[in-house]
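*Asks:* Handing you a structure now.
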Amino acid sequence: MTYIRIDLSSSDKEFEGRSSYRDEKFSKVFKSICFLKRPSKIVEFGILDGYSLDCFLDSTDDSCLIEAYDLFDDFPYNSSQSEIIFPRYKEHKRLSIKKADVFQSANLFEDNSVDIFHIDVANNGDTYEFCIQNFIPKLTKSGILIMEGGSLERDSVEWMIKYNKPKIREVLHKYSEIYDIKIFNEFPSLTLIQNK
């Protein structure tokens, strides 16, 4: 695994939404990945206030289809509000927003069909395990799985400890010889996973 330190915050204003990424420094990561990958299809689980979704929309052309999924009011914690999200994005014809649970959605995608998966759904070790097992095969040859979390600090946040959630880093170590894994260590951290 490779650990990457990013310090992009000096010129960025603070993001005012509830995004786990807190400010715009991670937008540069999302936008750079889109620039380099030139994706035809992006799938996102966990919309919240649309921070990463906006990055993907702003960084891709009209040929890129984007599917975004969320549990909305069915998620009992920090959740996206459908009455705000649906009207906000109704003008984007290449974007579809649907209600779905990441753990019941692997069959929605064909193998070798998605260029970028982005998963930010209160991630923990179980989320990582599921997504690596089920979504890596759905990626195109140069596709990438982007997941919130992955740092030691992120594994130690209060709710992970309080609810005894499995550590993300243990799962990453398990797969470090199989996949190319890069971790942007700055809190809350971001992990990029690709086939070697």
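*Asks:* To make sure I understand, if each residue's beta carbon is the centre and we count other beta carbons within 10 Å, what order do Tyr51, Tyr179, Tyr163 fall in, fewest to most? Show your work: numbers first, answer last.
*Replies:* Values: Tyr51 22, Tyr179 16, Tyr163 9.
In increasing order of surrounding Cβ atoms, one gets Tyr163, Tyr179, Tyr51.
*Asks:* So for the pair Lys141, Asp61, with labels modelled 7 Å out along Cα→Cβ, what separation do we get in nm?
*Replies:* Placing both labels 7 Å beyond Cα along the Cβ direction yields 2.1 nm.
*Asks:* Using R₀ = 41 Å, calculate the FRET efficiency as 1/(1 + (r/R₀)^6) where r is the Cβ-Cβ separation of Val157 and Leu108; round to 0.05. Can you show the working numbers first?
*Replies:* Working: r = 29 Å, r/R0 = 0.71.
E between Val157 and Leu108, to the nearest 0.05, is 0.90.
*Asks:* In whole Hz and in residue order, list the ³J(HN,Hα) couplings for segment 146-162 that follow from phi through the Karplus curve 6.51 cos²θ - 1.76 cosθ + 1.60, θ = phi - 60°; x for Gly and Pro.
*Replies:* Ordered by residue, 3J(HN,Hα) equals 10, 10, 5, x, x, 8, 4, 4, 5, 5, 10, 5, 3, 5, 5, 6, 4 Hz.
*Asks:* Another question, if that's okay. Using the count of nearby Cβ atoms within 10 Å as a rough guide to exposure, how do Phe45, Phe103, Phe130 rank from fewest to most? Present the calculation step by step, with values, prior to reporting the outcome.
*Replies:* On the way: Phe45 24, Phe103 13, Phe130 16.
Starting with the residue having the fewest Cβ neighbours, the order is Phe103, Phe130, Phe45.
*Asks:* In Å, what Kirkwood hydrodynamic radius results for segment 37-161 from the alpha-carbon pair distances? Please report the intermediate quantities before stating the final value.
*Replies:* Numbers: mean 1/r = 0.0664 Å⁻¹.
For segment 37-161, inverting the mean 1/r across all distinct Cα pairs yields 15.1 Å.
*Asks:* If you don't mind, another one. Report ³J(HN,Hα) in whole Hz for each residue of segment 89-99, in order, from the Karplus equation J = 6.51 cos²θ - 1.76 cosθ + 1.60 where θ = phi - 60°; Gly and Pro get x.
*Replies:* Karplus values, whole Hz, x for Gly and Pro: 9, 5, 7, 8, 5, 8, 10, 10, 10, 9, 8.
*Asks:* For the residue pair Asp126 and Lys93, what label-to-label distance in nm results when each label sits 7 Å from Cα along the Cα-to-beta-carbon direction?
*Replies:* 4.2 nm
*Asks:* Can you compute the equivalent ellipsoid semi-axes for segment 128-196, i.e. the square root of 5 times each eigenvalue of the Cα gyration tensor, sorted largest first and rounded to whole Å?
*Replies:* Values: eigenvalues 97, 30, 20 Å².
Its equivalent ellipsoid spans semi-axes of 22, 12, 10 Å.
*Asks:* Now a separate question. Spelling out what I want: for every residue of segment 117-131, take phi, set θ = phi - 60°, compute 6.51 cos²θ - 1.76 cosθ + 1.60 (Karplus), and round to whole Hz; glycine and proline get x.
*Replies:* After applying 6.51 cos²θ - 1.76 cosθ + 1.60, I find 9, 10, 10, 9, 10, 6, 4, 8, x, 5, 4, 4, 4, 4, 5 Hz.
Every read-out reported here was derived from the displayed coordinates using simple, explicitly stated rules and does not represent laboratory data. Quick caveat, the model's predicted, so the values are computed rather than measured. FYI the Cβ positions are ideal-geometry reconstructions off the backbone, even for glycines, and counts take in every protein chain you see.
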